[in-house]
Amino acid sequence: MSAAFVNIINMNALKTPTIKSAKTITPKMKMLAVKAGIFILSATITIGDAIAPSNYAIAQRLKEKLSLTEIGWLEDDRNYVTHLSTTKPLCLAPPENKEIAALMDIGSVAFRSPLLFGGLAARKKLSCDSCHQNGDVNDEFFIKGLSDKPGHIDATNAVFSKTLEDNIYNPIPIPTLYGINDKQVFGTLSPTATKAEFVHQVIEQEFDGPKPNQRIFDGLMAYIDHFDTHCTQPTGTALRPSNDQDNKKINRSAESDFSHIQKAINTAYFEWQNGHINIADFILISARHELGLIYERYDRQSLSKPSKGLIKLSAQLEQMRSNIKPVLLLQKPVPTRTIDKQFTRWQKDAKKLSAKIKKGEARSYYRADQLEALLIEDE
Ligand code: HEC
């Protein structure tokens, strides 16, 4: 397991300029905007006369300004702002019993973890969730050379896989994983009779990952088995129509991404208490990766409070990893009580940070208006 893609909290690599409010448009801003292909006409001209920037221009500008992992999976000529600020909703059937609940908790982390994969997929920080967003299709997923249109990918290629290259350029649609439990055959290019066989193939052949730990694999399967087409919103309207034609998307938020990590650390604690050290370790590394994805969504020059807090929590997780799984043979085992305390402390700090994240949500790059502000900001 390379540390490179979890160690995203690297101060040098992260240079994103400060957001400034764009009440007045200075000549320098106009010049910058024109350089980026964005045409902001003189402030004296009414808004209706302004020429809207093309999606392509917006994409280029955002690429210059932000280092968001997900930008690497978007085609240039798309509406970045919408895509980066929204997501497909998650809809899970409730677990049947405690053991299935525990497995689903592990699966929910594994589904978002690049640690399952090897090679380029891991380096690009891909996870199941990159293509199957919350289990549904990521309609915007695009990799140059492997996709012919958004939401399509050539999965049998030598770029990701040492074994599956078929020497044909054959991008196919990414399917939803909702409503697939009754299928007899999984996949189309290299079909299998069971879902588990297909997922083994995805991990070990398509994306060059190592054979996953059995409990992690069982967790992943339990999780995807529970994607449910029957969820409804509190209002009683269907959140996810079973025919999946509606493509409903919801707003993304730092708070909900962060609460997924808080839950993951509870799961790591539970697994560690039950003697599953490797599972706990897998979750801790994956959680650091998820913290990094939230970190990307903040302006770093001002080192706003959420950013500092995220770095601190990530460092604590690394410390916990080395305590639950000593790397040096001669290292004395860390007393259980110390580790207990660390988990409690982490959750306490995370709770405080969660409040800050909620408060600062409006300043994060989860928000469409903040992403838009980047397009006209001065340097
Ligand atoms: C790069 C995008 C990508 C990633 C990452 C990815 N998938 Fe897929 N997935 C696809 C595509 C494309 C297909 C269709 C394959 C086919 O038809 O042969 C697919 C098919 C599937 C199917 C079969 C669905 C059906 O209706 O037959 C399952 C199950 C699945 N993926 C699960 C996963 C899991 C679990 C992971 C993570 C371990 C994952 N996928 C990662 C793109 C992806």
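Only the coordinates and a few stated rules stand behind these numbers; no lab work does. This one's a predicted model, so the numbers in the text were calculated from it and none came from an experiment. Every residue, glycine as well, gets a Cβ built from its backbone with ideal geometry; the counts of neighbours run over all protein chains shown.
Remarks
- Matching residues, the stretch 124-147, being more than 16 Å from Tyr80 (Cα to Cα), within 11 Å of the ligand (Cβ to nearest atom) and part of a loop (DSSP other than H, G, I, E, B): Lys124, Lys125, Leu126, Ser127, His132, Val137, Leu146, Ser147
- Cβ separations smaller than 6 Å between residues 6+ apart or across chains give the following pairs from the stretch 182-207 residues that are touching a residue at least 24 places away in the same chain (Cβ under 8 Å) to residues that are more than 9 Å from the ligand (Cβ to nearest atom) and not aromatic (Phe, Trp, Tyr): Gln205/Ser161; Gln205/Thr163; Gln205/Leu164; Glu206/Ser161; Glu206/Leu164.
- Residues in the stretch 179-209 that are assigned to a helix (DSSP H, G or I) and either under 24 Å from the mean Cα position of the chain (by Cα) or hydroxyl-bearing (Ser, Thr, Tyr) (or both): Lys195, Ala196, Phe198, Val199, His200, Gln201, Val202, Ile203, Glu204, Gln205, Glu206.
- Residues (farther than 15 Å from Glu206 by Cα and of a type in the set (Lys, Arg)) located in the stretch 126-162: Lys144, Lys149
- Residue within the stretch 166-178 that is more than 9 Å from the ligand (Cβ to nearest atom) and under 23 Å from Leu84 (Cα atoms) present: yes
- For Pro114, the stated conditions hold: it is near the ligand (Cβ under 10 Å from one of its atoms), of a type outside the set (Gly, Ala, Ser) and either surrounded by fewer than 18 Cβ atoms within 10 Å (Cβ to Cβ) or within 25 Å of Leu90 (Cβ to Cβ) (or both).
- Residue check, Val159 part of a loop (DSSP other than H, G, I, E, B) and either within 13 Å of the ligand (Cβ to nearest atom) or closer than 18 Å to Leu177 by Cα (or both): yes
- Residue, nearest to Cys91 (Cα to Cα), within the stretch 179-212, restricted to residues that are of a type in the set (A, V, I, L, M, F, W, C) and more than 6 Å from the ligand (Cβ to nearest atom): Ala196
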